[in-house]
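These notes concern the structure reproduced below.
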């Protein structure tokens, strides 16, 4: 099974390598340590979010509210820590953000799992709702004086050094959250029957119910889980940026969904893998951050992302058709 | 376990249903239903569509709970049934749509349900593999365990579904229309599997509208009509005609005989039609008002030929003449323009827009014809046309606005028929027109086809239901290895002879 998946992701892997080559040949600066560190740093938030979205898409749903959940949770947690003076523990900060995120996810779940409303409609609604509620009730000022623990965490480096050109490069410890999340999601999806149940719902919800899966419970779990992951991503974004800006993150939904779709997940549900998603994230991050090295104007990045989605999704569909023969 | 007496041992009772009633928004689906199923017995359950079979299955599976009445398992009351609890008790349902996960592998599809029922939370891949291997071995077939189910042909879905039931500690396997997607050879091996289940003391509830198969395989038989059990037959042999009468409440129709002058004009003439990998060297004539039957083993090219004539898989070489004039069929639209309509086999996936209304489905193929390109849609006029079709084909629906997926199989098929008939076809090509349709509807659909033929429409029925072909067709041709046999007249051909031709014993 592992082999089969690997083969499926080979074209995507090829695309990532190809893009690396093009970027590297086009501008040697691509391979510089500070650029690579930049890419890693920039992939943390989008990567964690993409893994969450992939889980939702595997279950046959779609979530567009995750950016609002991310910034809501991070902004609220930051304010809470500042006002209660509980800013000494970074663990507490992340845990409370994740808790808040899963509560917001639970609101999605109530509509989706229990009222059985279409996921896109619900999350479009809550995207606006969460963001509006945050700006109305929590405020809309930037917070630049973050709690001490968050500032300390942002300075905690995993790798750091000086390039030959004399500039510093650094990869923060927060980067570890991405591989850890990847391993966690992979274990969940492939090694537990909760995970298999998620794919089962995405394959055929009624069959999943007949098979004895508690589909409503599983869906509740999924949206809470995505909420928690988004909140973590939001906290990392705020921490590394050293600013809690309530206008951040919302707007990058399509970038994240693009990465997940490029990674092999289908909007119709039932498919999606951690490896594929990470490769999709790599593509999107490189396009967004490095195409500029080739002198490609930034508006063109959007064009490239769009083309990639069309090509990526197109090949999946066409190959599936070929496998099944003429009858589609 | 027990001695093999002449008479099968007096069965104890595995599950008993007592006075079960169930209604949906005022419609009584089941009324005081009572019967019991014994271990090691094949219990046949027959009834027309809409008679309550599906509701009864769902109650046994724990998907629905009865409004009134009780279930007993091993003599104990079986309360607050949920799917999970039913599975733990050993009740396995193989649904008509197979309830498989197309996105997962064959192995996982076989093992998943029993692992979940066991309460496992960690995926043990070796165990999954072992279970799947065992299931496939119990069934006595070969399947690629690593293939994704969505890439398998439909009849292998059935095999996966049965293998899945077998690996669970099943004590009662409920099979809902299990033979619909199978060819005769596969049906034979399925019946063999069912008999071997009986020998290992597993009870089978065989739900089907194919009376010959049920009467052949069942030890006991319950007949449902309008939500009530009208008969519990306890011993063999069962007479299919008698059962049909119990089921429908009216005497069954025999062979449809129709006055047909011998030499009528040739309507459609096909010569040396071929398409790489689909059909080759196909030649035949179809007269006005002729009903031509085409049969063959699964994968012999008969479906492809039907799709070829209707423009879905156009021929690459060969000649088609309609009314003596050369005709080109290179797509669905050109076939429709020529007056050739195709009724596909899988009505829910290919023939209908399941979530759309009966009205929209009825008119989907003829909108342009009724109101012209680029003009506004006149819904009042459409309602009139649709109502006329509903009456003409006696489609049972309480409203034109209901989603078509809520109709029973027989009524859905009538909607598909009406949709294509409204294009006023000269030639109607049908692929397994009565698959998954109950006896009553089947007879009526056959009647509609005969009526059309009388009006001069040429009809081609592709089907693996041999009695259906013999009853309805003027001539029959057998397809094997993408080629078409000589013309056989239905009157001069027996079912046995046809069957032997089919499996290649006679040429």
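What the table shows:
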quantity	calculated
Of residues in the range B:113-124 being farther than 8 Å from residue B:164 by Cβ and facing another protein chain (nearest Cβ under 7 Å), the one modelled with the lowest pLDDT	B:117
Residue B:69, sole failed condition from (1) in a strand (DSSP E or B); (2) within 13 Å of another protein chain (Cβ to nearest Cβ); (3) more than 19 Å from residue B:203 (Cβ to Cβ)	(2)
Residues located in the range B:301-356, provided they are under 27 Å from residue B:408 (Cα atoms) and surrounded by fewer than 17 Cβ atoms within 10 Å (Cβ to Cβ)	B:346, B:348, B:349, B:350, B:353, B:354, B:355, B:356
Check on residue B:81, surrounded by 15 or more Cβ atoms within 10 Å (Cβ to Cβ), assigned to a loop (DSSP other than H, G, I, E, B), more than 8 Å from every other protein chain (Cβ to nearest Cβ) and free of Cβ contacts under 8 Å to residues at least 40 places away in the same chain	yes
Residues being within 9 Å of chain A (Cβ to nearest Cβ) and not in a helix (DSSP H, G or I) - total across the range B:125-143	0
Lone qualifier among A:70, A:58, A:93, A:50 - being over 30 Å from residue A:209 (Cβ atoms), crowded, with 24+ Cβ neighbours inside 10 Å and under 18 Å from the mean Cα position of the chain (by Cα)	A:70
From A:215, A:220, residue being surrounded by fewer than 24 Cβ atoms within 10 Å (Cβ to Cβ), more than 7 Å from every other protein chain (Cβ to nearest Cβ) and at pLDDT 95 or above	A:220
Filter pass, residue B:160 being touching a residue at least 60 places away in the same chain (Cβ under 8 Å) and within 14 Å of chain A (Cβ to nearest Cβ)	yes
Candidate set: the range B:410-452, residues that are over 22 Å from residue B:306 (Cα atoms) and out of contact with any strand residue (DSSP E or B) (no Cβ under 9 Å at 6 or more places or on another chain); chosen: the one surrounded by the most Cβ atoms within 10 Å (Cβ to Cβ)	B:441
Of all residues in the range B:86-97 being buried (at least 23 other Cβ atoms within 10 Å of the Cβ) and at the interface with chain A (Cβ under 10 Å from one of its Cβ atoms), the one that is nearest to residue B:145 (Cα to Cα)	B:93
Only one of A:170, A:155 that is modelled with pLDDT under 90, in contact with a helix residue (DSSP H, G or I) (Cβ under 7 Å, 6 or more places away or on another chain) and over 30 Å from residue A:57 (Cα atoms)	A:170
Residue A:76 being surrounded by 22 or more Cβ atoms within 10 Å (Cβ to Cβ) and either modelled with pLDDT of 95 or more or closer than 22 Å to residue A:145 by Cβ (or both)	yes
Qualifying positions in the range B:36-65 - more than 24 Å from residue B:437 (Cα to Cα), in a strand (DSSP E or B) and under 26 Å from the mean Cα position of the chain (by Cα)	B:37
Verdict on residue B:326 being out of contact with any strand residue (DSSP E or B) (no Cβ under 8 Å at 6 or more places or on another chain), modelled with pLDDT of 85 or more and under 30 Å from residue B:266 (Cα atoms)	no
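For (1) in a loop (DSSP other than H, G, I, E, B); (2) in contact with a helix residue (DSSP H, G or I) (Cβ under 7 Å, 6 or more places away or on another chain), each residue gets a yes or a no:
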| site | (1), (2) |
| --- | --- |
| B:165 | no, no |
| B:182 | yes, yes |
| B:185 | no, no |
| B:188 | no, no |
| B:201 | yes, no |
| B:209 | yes, yes |
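For (1) touching a residue at least 40 places away in the same chain (Cβ under 8 Å); (2) within 14 Å of another protein chain (Cβ to nearest Cβ); (3) part of a helix (DSSP H, G or I), each residue gets a yes or a no:
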| site | (1), (2), (3) |
| --- | --- |
| A:11 | yes, no, yes |
| A:17 | no, no, yes |
| A:20 | yes, no, yes |
| A:49 | yes, no, yes |
| A:56 | yes, no, yes |
| A:62 | yes, no, no |
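Yes or no, residue by residue, for (1) assigned to a helix (DSSP H, G or I); (2) exposed (fewer than 15 other Cβ atoms within 10 Å of the Cβ); (3) in contact (Cβ under 8 Å) with a residue 24 or more places away in the chain:
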{"position": "A:97", "(1), (2), (3)": "yes, no, yes"}
{"position": "A:108", "(1), (2), (3)": "yes, no, yes"}
{"position": "A:112", "(1), (2), (3)": "yes, no, yes"}
{"position": "A:116", "(1), (2), (3)": "no, yes, no"}
{"position": "A:120", "(1), (2), (3)": "yes, yes, yes"}
{"position": "A:128", "(1), (2), (3)": "yes, yes, yes"}
{"position": "A:134", "(1), (2), (3)": "yes, no, yes"}
{"position": "A:146", "(1), (2), (3)": "no, no, yes"}
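The values are calculated or read from the model by the stated rules, or taken from the named source; none is laboratory data. No experiment lies behind these values; they were computed from the predicted model shown. Every residue, glycine as well, gets a Cβ built from its backbone with ideal geometry; the counts of neighbours run over all protein chains shown.
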